[in-house]
Structures are given as C-alpha cells and as structure tokens.
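Novice: One structure coming up, written as structure tokens, with questions to follow.
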Amino acid sequence: MKENKSNLVKITGWILFFLAVGFFCIQMGYFLVHARYQVEYIDNRLFFIINILCMICLAGSIFLLLNLTKMVQLIVLSVLILFSIVNVNLLVKSKQEVNNITSLSPDWKHVLSIKEDVERGVAVYYRSYFGIMGRPREALPHKTAGDFKVEWLEKDVAAVTYKTDGDTIQQFIGTYGDRGTGTSYYYVGAEIHGQWKAKDYQVESTPEGIFVTEKGKTEMFEWENIIQFGTLAVVLKKNDEAVWTIALNEDFKVHSDPAEPTTGNIILYKATMKNNQLITLEYKTVN
C-alpha cells in the first residue's frame, strides 16, 4: 500500500513538472512570435495566469519529488507566494491600462477579442489564431466610453454593442464564417433582397435601402448608412448611430445563381445596452 502511494506521489510530481515545462515553453514561444510576428495573447491576462500556473506546478513537483528540509520547503513556498503576488499586482495594473473584452463562441470554436486602451478610449479588434494567440485586425470606430456588451447572434457572429465618448450607441460585428462556398465575397443586403417577417417585425431589402418595421413603426435606412461586416452581417445606422444589426442565420444559404430560391432565415438585433432578444425572421416574398 505504501509503495503504491509512493508511486502515485512520484507520478503526480512528474506530471506537475512536465506541466511546468509546458507552461514555460508556451511563454518562451510567446516571446518569440510576439517579437517576430507581432502576435499577442488573445487576452493580456493570460500572460500572468500562465506565469502563476507554471510556478505552482514547478513548486508542487519539487515538494513531491525531492526530500526537502523544512527550511528549504519554507523558502520554496515563500518564493511561490512572492512570485504569485507580483504577478497578481501586474495583472491588476494591466487591467487598469487595457480592458480585455473576451468571449468564447457557443460551440467553443471562435474567440472574440477586443482590447481597449482605457486612457485613450481606443479599442482594437483582434483576430484569434491557434486559440490563445491573436493579431490586431482593426480599430473600432469612435472613441469608446463605458462598458461593452457582447452577444453571439450565431455560432460565428458576435455583436459588440458599446457607447462612445459622444454618448452614441455603436455596434461592431465579429464574423468567423461564411454562408456560401467560402471562395467569393458577396453583399448581405443583396442576398436578403425581399421581405422577411416575424411577429411584430418585418425587414424589407430594396434597391433604395432596407426598411425595418417594429410593432407598426417603419424606419428606412439608405445603403450609404448600412455597414457590412465580413459576409455575415450588416449594421443599420441613423445619424451616425447604430440602430439595428441584421445577420444571416446558420441555415441561410447563399446561391451563385440568382434564380435559385432563397433558403434560411435572418436575425434582427437591436442596438441597445439593455438586455434584448434576438429576432428570427422568415423569408416571405421578393419585391
């Protein structure tokens, strides 16, 4: 029994040691790719969290694999606590300087990452690579102020609603998929040409623009005020402020032949910082 327990302790110690080596290699790899390719962690807090995990695993392996005197054990424990305190303080300081908005998609395949320079009010959207790495893709329009609200409209469409320093509501859409063959670009407004209906709501895409009806009240958005994101969503704006987002549902199919019938639904999402529901609309007619 004692021998089995001793073997289990050694196995656990070696597992912790290899985990520590793995975390160390991740950090060294990060320094390399960051310097050469301007790649960052998708969330700045990961750097400090990995440091702490590496130190915990290393200290755990030392305790389990080596016969240490009480004095040496105390020294190792003190170093671990000091190292953790330093990294926690750096993490808190980093959070005060950079606000990380990170959200995982419902299917765990995509990561939305936005980093906001708190002092300057500048937010940058990062495209994720290999799960935890990312590169800056584009800056969000307008200076930001206040909180961000993230809602996944689909497994590959994330709507980010935020307020600007001018007290306007804006929306940025992160897109990670395609509804066509994936080899060509298409316009969402043209693909949803016609009428779409749900209870109390209607969307109509015409050559003049897009009409949105909410409980009997209709607003018209001209094409110059409609911003497309990727190939999955558009944001409808009025007076330089976001009002609605329209996204292609997962079942929507883009056809290369215009004569083919429209299949699938679309999603209507209101631009507001309050909690609100996604509205799924079904295709009805062509104008």
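Nothing in this text is a laboratory measurement; each read-out follows from the coordinates by a stated rule. Everything numeric here is computed off the predicted structure, so don't read it as measured data. In this analysis, Cβ positions are derived from the backbone assuming ideal geometry, glycine residues included, and neighbour counts consider all displayed protein chains.
Novice: Enumerate the amide H contacts of residue 164 below 5 Å, restricted to partners 5 or more residues apart or on another chain; note that Pro and chain-start residues carry no placed amide H.
Specialist: 145, 170
Novice: Moving to a separate point now. Would you mind computing, in nm to one decimal, how far apart the modelled labels at residue 190 and residue 21 are, each placed 7 Å from Cα along Cα→Cβ?
Specialist: Spacing of the two 7 Å Cα→Cβ label points: 5.6 nm.
Novice: From largest to smallest, what semi-axes in whole angstrom does the chain give when each is the square root of 5 times an eigenvalue of its alpha carbon gyration tensor?
Specialist: Semi-axes, largest first: 50, 22, 16 Å.
Novice: Which links in 115/274; 163/215; 197/237; 10/115; 109/215; 115/215 stretch past 31 Å when you go from one Cα to the other?
Specialist: Details: 115/274 22 Å; 163/215 26 Å; 197/237 21 Å; 10/115 42 Å; 109/215 36 Å; 115/215 37 Å.
Listed pairs above 31 Å: 10/115; 109/215; 115/215.
Novice: State the volume of the convex hull built on the alpha-carbon positions of the range 147-283, expressed per residue in Å³ and rounded to an integer. Intermediate values should be presented prior to the final figure.
Specialist: Numbers: hull volume 15.1 nm³, N = 137.
Taking only Cα atoms, the range 147-283 has a hull volume of 110 Å³ per residue.
Novice: Angle, helix 70-97 long axis vs. longest principal axis of the chain, Cα atoms, 0 to 90°, nearest 10?
Specialist: The two axes meet at around 20 degrees.
Novice: Starting from the Cα-Cα distance between residue 277 and residue 92, subtract it from 0.36 nm times their residue separation and give me the gain in nm to one decimal.
Specialist: 63.2 nm
Novice: Next question. Helix 2-37 versus the longest principal axis of the chain: what angle, 0 to 90°, nearest 10, using Cα atoms?
Specialist: 50 degrees
Novice: Moving to a separate point now. Considering the Cα positions of the range 1-95, please state its Rg to one decimal place and its Dmax as a whole number of Å.
Specialist: 16.1, 53
Novice: Quick one: check the C-alpha center-to-center distance for the range 107-125 versus the range 188-211, whole angstrom.
Specialist: 31 Å
Novice: Please work out the C-alpha center-to-center distance from the range 226-255 to the range 1-52 and express it in whole Å.
Specialist: First find each Cα centre; the distance between them is then 41 Å.
Novice: Please determine, in degrees from 0 to 90 and to the nearest 10, the orientation of helix 45-65 with respect to the longest principal axis defined by the Cα atoms of the chain, where the helix direction is its Cα long axis.
Specialist: So the helix axis and the longest Cα principal axis differ by about 30 degrees.
Novice: For the range 264-287 and the range 129-149, what is the separation of their Cα centres, given in Å?
Specialist: Taking the Cα centre of the range 129-149 as reference, the centre of the range 264-287 is 25 Å away.
Novice: Give me the one-decimal Kirkwood hydrodynamic radius in Å for the range 115-215, with the sum taken over alpha-carbon pairs.
Specialist: 16.3 Å is the Kirkwood radius here.
Novice: Mind ranking 101-113, 223-235 by how tightly packed they are, going by the mean number of other C-beta atoms within 10 angstrom, highest first?
Specialist: Highest mean packing first, the order is 223-235, 101-113.
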